[in-house]
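*Asks:* Pasting a structure here, questions to come.
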Amino acid sequence: MKINHENVVQELKRQNEDALHFVIDQYGGLIKSIVAQHLYQFRHVQDECIDDVLLAAWNHIGSFNEKTNSLKNWLAAISKYKAIDYKRKYLKLAEKQHAPDYNLESNQADDRQVLKKELSLETEALLDQLTPEDRKLFVDYYIDGKDTASLANELNVEKSAIHNRLSRGRKKLKGLRRIFGEQ
């Protein structure tokens with residue numbers, strides 16, 4: 001069977017290795033450029049990260065929904081989050097070893113700022129997966145520190161409803177993080 005853009009997702013779900021080769025041929029450049037953008041300072045782990053992106057796509061294709069996202073965007077998101085994970089890991093390792101190869105003395109503060117911004121964007125992207133009401137609830141509870149009783153009064157619901165919405169939201173976000181590489 002010839003793999004094309006119309007059947008690649010179904011074939012990946014069937015664990016057809018030809019579909020993975022198609023993904024590499026069609027989207028390998030995109031994946032590589034995203035990984036290189038985030039791991040420019042750690043070239044020696046870029047290939048390993050790309051392999052992890054492809055493995056994550058292979059293992060989690062069942063969670064991909066063609067109706068809500070394109071395969072290209074889904075692979076780009078996995079690439080970004082995997083690369084950020086690798087960067088975080090290797091920055092910590094380099095700090096512990098004080099490795100001069102990475103020129104940490106001059107770039108450490110810049111890298112921390114970039115990583116902080118990327119993490120903020122990552123958090124925003126995750127919160128965007130919630131409904132506007134649940135996103136506001138998360139911000140009010142986790143960022144502004146409002147208690148569940150005051151939130152229940154504001155929304156005119158029981159406290160248990162607030163707890164349930166927060167719990168469902170956390171489960172949804174944990175599932176997304178697991179798919180995109182956060183363990």
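*Asks:* What percent do you get for the relative contact order of segment 1-89 when only Cα pairs under 8 Å and 6+ apart count?
*Replies:* Working: 70 pairs, mean separation 30.7, N = 89.
Taking the mean separation of contacting Cα pairs over the length of segment 1-89, I get 35 percent.
*Asks:* With +1 on each Lys and Arg Cβ and -1 on each Asp and Glu Cβ, and nothing else charged, work out how big the dipole of segment 16-105 is about its Cα centre, in Debye to the nearest 20.
*Replies:* Working: 11 positive and 12 negative charges, 84 e Å.
Using only the charged Cβ atoms, the result is roughly 400 debye.
*Asks:* Here is a further query. Using label points projected 7 Å from each Cα along Cα→Cβ, tell me how many nm separate GLU17 and ASP147, to one decimal.
*Replies:* 6.0
Bear in mind that the values in this text are calculations on the coordinates, not laboratory data. Note that the structure is predicted; figures quoted are calculated from it, not measured. Note that we place each Cβ from the backbone using ideal geometry, even for glycine, and neighbour counts take in every protein chain shown.
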